[in-house]
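Okay, structure first, notes after.
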2 protein chains.
Amino acid sequence: MITEATKDVTGEASLERVLHALSDPVRLRIVTALADKGERTCGSFDVPVTKSTCTHHFRVLGEAGIIRQRQVGTTRLNELCRAELDSSFPGLLDTILQAAAADRP
Amino acid sequence: MITEATKDVTGEASLERVLHALSDPVRLRIVTALADKGERTCGSFDVPVTKSTCTHHFRVLGEAGIIRQRQVGTTRLNELCRAELDSSFPGLLDTILQAAAADRP
């Protein structure tokens, strides 16, 4: 019998959540930019979506444990949780980022 | 409905599609079983879902170019498109399978 399909994943990076979060082209682009250029403000990403859609994408990435946000004055900064991801899923982020780069020459 | 039995769905693999297809625990389990044990019939997978849900999962995996299906008499066999995936996204499938295995000790 299989019970783990209903395993509670709240609050923790689960593999499925990480894969789902990265299965969207805009979120993949946000993560690529964070990996390339480090911590950035929400408004600094070159993505073809409205601000509210962008906010949704940041939320999905945050809930998956891929990014964290911190407030500095009136500015919200986004950072990749690289160490945590590399620890939980060795090689996964790098492999996906390489595949994304190869997919969009 | 069942017309994809003979449909070759490989070659259309996009990274986002592959990640989306693998972002579901049941589909991840199907792919793990195919990687471990090779070509198998649809009914041979130990997954906690109905037959029609299972059919849906096979369709998503096929459309993402992760599996192909072939009909042998009255039996439909599923096979992982490992070579195609490894060629399109080097290391991706193995990294995800390793992460999945580590996630479910």
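Residues in the stretch B:63-77: is at least one in a helix (DSSP H, G or I), touching a residue at least 40 places away in the same chain (Cβ under 8 Å) and out of contact with any Cys (no Cβ under 6 Å at 6 or more places or on another chain)?
yes
Restricted to the stretch A:79-105, and to residues that are at the interface with chain B (Cβ under 10 Å from one of its Cβ atoms) and of a type in the set (D, E, K, R), which residue is nearest to the chain's Cα centre (by Cα)?
Among them, the one singled out is A:Asp94.
What number of residues in the stretch B:22-60 are within 24 Å of A:Leu92 (Cα to Cα) and within 13 Å of chain A (Cβ to nearest Cβ)?
14
Exactly one of these conditions fails for B:Gly65: (1) at positive phi; (2) of a type outside the set (Ser, Thr, Tyr); (3) at the interface with another protein chain (Cβ under 8 Å from one of its Cβ atoms). Give me its number.
(3)
Please enumerate the residues belonging to the stretch A:71-95 that are of a type outside the set (Phe, Trp, Tyr) and farther than 22 Å from A:Cys42 by Cα.
Selection gives A:Asp86, A:Ser87, A:Ser88, A:Pro90, A:Gly91, A:Leu92, A:Asp94, A:Thr95.
Yes or no, residue by residue, for (1) buried (at least 17 other Cβ atoms within 10 Å of the Cβ); (2) touching a strand residue (DSSP E or B) at 6+ places or on another chain (Cβ under 6 Å); (3) among the acidic types (Asp, Glu); (4) not in a strand (DSSP E or B):
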| residue | (1), (2), (3), (4) |
| --- | --- |
| A:Ser23 | yes, no, no, yes |
| A:Val49 | no, no, no, yes |
| A:Leu61 | yes, yes, no, yes |
| A:Glu79 | no, yes, yes, no |
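Here, each number is a calculation from the coordinates, and none is a lab measurement. Values in this document were obtained by computation on a predicted structure and should not be read as measured data. Quick reminder, even Gly has a Cβ in these numbers, built from the backbone with ideal geometry, and neighbours come from all protein chains shown.
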